[in-house]
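Structure first, then comments.
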Amino acid sequence: MASKSEATEAAREVELAVDLQSQAHRADAYSSFAVTLGLVFGFSSTMLFEIEVTNEAGALLLSSSIVLAFCVATSGYGMIVCSMQFYHLKRLIGNGNEQELIAFMSLKSIKRSRNLAKMMLPLSLSSLLCSVMLKFASACSDKATVITVSSILICTVLVLLIQEVHHASISLKFKHEASGH
């Protein structure tokens, strides 16, 4: 017959396994973010280097370049932070040291950079779409086509941003309920 301390230890091991599994799922989510942000970074970098901004370049083309530079910065930051989160989570999960994992995830600087990196995905996607819209508008002479494509891209950006705000509000609701307030 197992003693009370053995039963407590067995329950603790199950709890640790469940927590490590949830952290593994979290790591996979960071991996997905890193891949997506890496793709956006690559697309926006390529587009930025292909745009020739000269003294004769129009305001729309110059604006497109500025928005692309913002896209490169946001996607680059998010990609680096999410990649490092994935690496450290997987390493700590592999070690099986729950205290070290909790300590890492609880660091304020890590939380802050992680939350900021998660915001970079909708920002970088939105800025990439806006830049495409501006580049297209500068190259196209047909106003109806410019208006149509611009409207579609603006609606897409708005949907991305609204979805991010919705997810953030759901997350805050669950955190609020979990804290018992």
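Bear in mind that the values in this text are calculations on the coordinates, not laboratory data. Just so it is clear, the model here is predicted, and its values are computed rather than measured. All Cβ positions, even for glycine, are placed from backbone atoms using ideal geometry, and neighbour counts span all protein chains on display.
For the peptides 65-72, 106-113, 89-96, 148-155, the ranking by packing is 65-72, 89-96, 148-155, 106-113, with the highest mean count of neighbouring Cβ atoms within 10 Å listed first. Label sites at VAL35 and ILE66, each approximated as a point 7 angstrom past Cα along Cα to Cβ, lie 3.6 nm apart. In order along the stretch 76-92, phi translates into HN-Hα couplings of x, 4, x, 5, 5, 5, 5, 5, 5, 4, 4, 4, 5, 4, 4, 5, 5 Hz, rounded to whole numbers, per the Karplus curve 6.51 cos²θ - 1.76 cosθ + 1.60 with θ = phi - 60° and x for Gly and Pro.
Peptide packing for 116-124, 30-38 was compared via the average number of neighbouring C-beta atoms within 10 Å per residue; ordered from the highest value, the list is 116-124, 30-38. Full extension of the chain between ARG112 and LEU161 gives 15.6 nm of extra length, using 0.36 nm per residue less the Cα-Cα distance.
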